[in-house]
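Encoded as structure tokens, the structure appears first; notes follow it.
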Amino acid sequence: MMERKEALYEGKAKIIYATNHPDEYLVYYKDDATAGNGAKRGTIADKGVMNNKMTAFFFDLLAKEGIAHHYISMPSDREMIVKKLTIIPLEVIIRNVAAGSLAQRLGLEEGVPMPFPVIEYCYKNDDLGDPMLNRYHIRAMKIATDAELDEIERMSLKINDVLTKFLKTKKVDLIDFKLEFGKDAQGNIILADEISPDNCRFWDSDTKEKLDKDRFRRDLGNVEDAYKEMLHRLTGEA
């Protein structure tokens, strides 16, 4: 029987708890929403439940394609049991279409397709505002080796390929998304964190309507409806 023990870490959207199994954690998904590294705060009704279900769905989908991940089971609508990993402090961003900060930095119109998937790295550090890094920074700071980065990029591009093709069948374009990885006790690199409208940009393929947290970031309204629509398209759940 799984027992939830002390809270080990509380982030913007989740709380990580120890359990009575030393190699497993319990993740509790919150309804809190933030943007701009916490500058904007609010809540999205039942966001935690919807993100938990969508993440479990995506992890199951990726497992069928040979992607190792930390998800084990979902004991409740809002909770997930995951493998204990040593998290690599990198945000790995995969961009298929210019949007958000990429469009601003490069002076591109939002919605311009990239000729191939673009990978960016950010250092996971709230105090520093998650600054962008390149491979030289990552190696110099001993965050990851060249071989580990090669594996992270290989996995990220495969994940992108699987998700992009699947979402097309649901009339959703995967514009960009953020991944995190960790290492297990054997040193294997494994997908961690979540895959949800919180860390992905999903656009309706026909209308280009945003079905993700940009609705909260940009005060577009109908935030809960966008999350509900994504959950419905993925799982059929009303």
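The values are calculated or read from the model by the stated rules, or taken from the named source; none is laboratory data. These numbers come from a predicted model, not from an experiment. Using ideal geometry, Cβ is built from the backbone for each residue, glycine included, and neighbour counts are taken over all protein chains shown.
Search the stretch 58-79 for residues that are outside the structural domain of Leu191 (by TED's automatic domain parsing) and within 25 Å of Gln186 (Cα to Cα) and pair each with any residue that is in a loop (DSSP other than H, G, I, E, B) and not acidic (Asp, Glu) when their beta-carbon atoms are under 7 Å apart and the residues are at least 6 apart or on different chains.
Hits for this filter: Phe58/Ile195; Ala68/Asn188; His70/Leu85.
Closer than 27 Å to Val27 by Cα, of a type outside the set (A, V, I, L, M) and either modelled with pLDDT under 95 or in a strand (DSSP E or B) (or both): does that describe Pro75? Steps first, answer last, please.
Working: closer than 27 Å to Val27 by Cα: yes; of a type outside the set (A, V, I, L, M): yes; either modelled with pLDDT under 95 or in a strand (DSSP E or B) (or both): yes.
Here the answer is yes, as Pro75 does meet what is asked.
In the list Lys14, Lys83, Lys47, which residue meets the criterion of being in contact with a His (Cβ under 9 Å, 6 or more places away or on another chain) and of a type in the set (Lys, Arg)? Full working, then the answer.
On the way: Lys14 fails: in contact with a His (Cβ under 9 Å, 6 or more places away or on another chain); Lys47 fails: in contact with a His (Cβ under 9 Å, 6 or more places away or on another chain).
After applying the criteria, what remains is Lys83.
Which residues, taken from the stretch 5-44, are under 18 Å from Asp126 (Cα atoms), charged (D, E, K, R) and either in the same structural domain as Leu211 (by TED's automatic domain parsing) or part of a strand (DSSP E or B) (or both)?
Glu10, Lys14, Asp32, Lys40, Arg41
Taking Ile94 as the residue in question, decide whether it is touching a residue at least 40 places away in the same chain (Cβ under 8 Å), in contact with a Ser or Thr (Cβ under 8 Å, 6 or more places away or on another chain) and farther than 14 Å from Ala13 by Cβ.
Working: touching a residue at least 40 places away in the same chain (Cβ under 8 Å): yes; in contact with a Ser or Thr (Cβ under 8 Å, 6 or more places away or on another chain): yes; farther than 14 Å from Ala13 by Cβ: yes.
Yes: the conditions hold for Ile94.
Filter the stretch 133-192 for residues that are surrounded by 12 or more Cβ atoms within 10 Å (Cβ to Cβ) and free of Cβ contacts under 8 Å to residues at least 24 places away in the same chain and give the result.
Within the stretch 133-192, Arg135, His137, Arg139, Leu149, Asp150, Asp161 qualify.
Go through the residues of the stretch 99-113 one by one and say whether even a single one is in the same structural domain as Ile152 (by TED's automatic domain parsing), over 16 Å from the mean Cα position of the chain (by Cα), more than 21 Å from Pro197 (Cβ to Cβ) and β-branched (Val, Ile, Thr).
Looking for residues that are in the same structural domain as Ile152 (by TED's automatic domain parsing), over 16 Å from the mean Cα position of the chain (by Cα), more than 21 Å from Pro197 (Cβ to Cβ) and β-branched (Val, Ile, Thr), one finds at least one in the stretch 99-113, hence yes.
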